[in-house]
Structure formats: structure tokens, C-alpha cells
1. What residue, among those in the range 39-83 that are farther than 23 Å from Leu12 by Cα and of a type in the set (D, E, K, R), is surrounded by the fewest Cβ atoms within 10 Å (Cβ to Cβ)?
2. Only one residue in Ser83, Ser54 is of a type outside the set (A, V, I, L, M, F, W, C), under 15 Å from Pro101 (Cα atoms) and within 17 Å of the chain's Cα centre (by Cα), so which one is that?
3. Need pairs with beta-carbon distance below 7 Å; first residue modelled with pLDDT of 95 or more and assigned to a loop (DSSP other than H, G, I, E, B) and within the range 65-91, second surrounded by fewer than 16 Cβ atoms within 10 Å (Cβ to Cβ) and of a type in the set (A, V, I, L, M); sequence gap 6+ or separate chains.
4. Considering Leu34, Leu44, which residue is closer than 18 Å to Met90 by Cα, among the hydrophobic types (A, V, I, L, M, F, W, C), modelled with pLDDT of 90 or more and part of a strand (DSSP E or B)?
5. Please enumerate the residues belonging to the range 2-28 that are exposed (fewer than 15 other Cβ atoms within 10 Å of the Cβ), of a type outside the set (D, E, K, R) and at negative phi.
6. Cβ-Cβ distance below 7 Å, separation of 6 or more or different chains: which pairs start in the range 1-29 with a residue that is closer than 14 Å to Ile42 by Cβ and end on one that is modelled with pLDDT of 90 or more and in a loop (DSSP other than H, G, I, E, B)?
7. Give the range 63-109 a look and list any residue that's touching a Phe, Trp or Tyr at 6+ places or on another chain (Cβ under 8 Å) and of a type in the set (D, E, K, R), or say none.
Amino acid sequence: MKTKNPVSPELLAKAADLADLVDYSPGAVVSKTLIDAAAGTITLFSFDAGQGLSEHIAPYDALVEVLDGQAKIQIGKDVLTVSAGQAVVMPANVPHALSAPVPFKMLLVMIRSRDNKNKKAKKKVQPDKKSIKKQAHKNS
């Protein structure tokens, strides 16, 4: 059984102008996934003027590189103006939102961090009450 390659064919072993891989659409936000793998995703977006993504939280850091135009990116209480050629990292678990005062295109890179998995794994597991009673009985 052949598995689907997680990389978009427009980029697989080819050079491409990223901004040319996603078109603007009047009154809309358009997304195109370039890589969708267990390790993370790389997605292109185009935003028409007046469009945006409402405030939300992501469990991983997210790198945004603006490819064309200019974006307003709110991270926590700070609002940044990010222009073509600039990038910013939106930290994990911090509310953020994006808006388009003018049309803009961006590349979004999200890497699923091993740190988050390790933090969960390192949490102390609380034994159930039966285990505690058995241990207390053995020690008496």
C-alpha cells in the first residue's frame, strides 16, 4: 500500500516562489498546506484586506513569515505590524490573532515540540488509593 507523501508536489525537489503558490481571493482567507507531517505543518495563507483570524491559542510555538503585504499580529496584549520579509514567533499557549489592513500572504510553520510531550511524561503519576493502602499495609 502506497502512503501519501506529506509534502506538496509543488515543492517536492523543486524550487518555488512561495508567494506564488497561494492566490488572493476577494473577501476571504485562503490556506494551502505544503507539509503535513507528524513533526509539524507548514502552511501558506493569503488574507484579503479586512480579513483575519480571531484570537486563539496554539499548543506549539508558531513562526509566521510575511511574504507579501503587511499583517497586524496581536500576541498577548502587544500588536505588531509585520511586513513582507519579516517574521515573528508566536509563543505556545499565548493568545494571538492576525488581521489584514491590506492584503497579505504568510508562511506559517508549526513544529510539534517534544518538550510538550516530555512535560506530560515527566508529571508524577499519583498512585490510586488501593495502591497506597497496599503499600501502607506492607510497611506495617
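1. Restricting to residues being farther than 23 Å from Leu12 by Cα and of a type in the set (D, E, K, R), the top hit is Lys77.
2. Ser54
3. Gly76/Val94
4. Leu44
5. Thr3, Asn5, Pro9, Leu11, Leu12, Ala15, Ala16, Ser25, Pro26, Ala28
6. Pairs found: Glu10/Ala16.
7. Once the filter is applied, which keeps residues that are touching a Phe, Trp or Tyr at 6+ places or on another chain (Cβ under 8 Å) and of a type in the set (D, E, K, R), the range 63-109 yields Asp68, Lys105.
The values are calculated or read from the model by the stated rules, or taken from the named source; none is laboratory data. Owing to the predicted nature of the structure, the values given are computational and were not obtained by experimental measurement. Please note: Cβ atoms are built from the backbone with ideal geometry, for glycine as well, and neighbour counts cover all protein chains shown.
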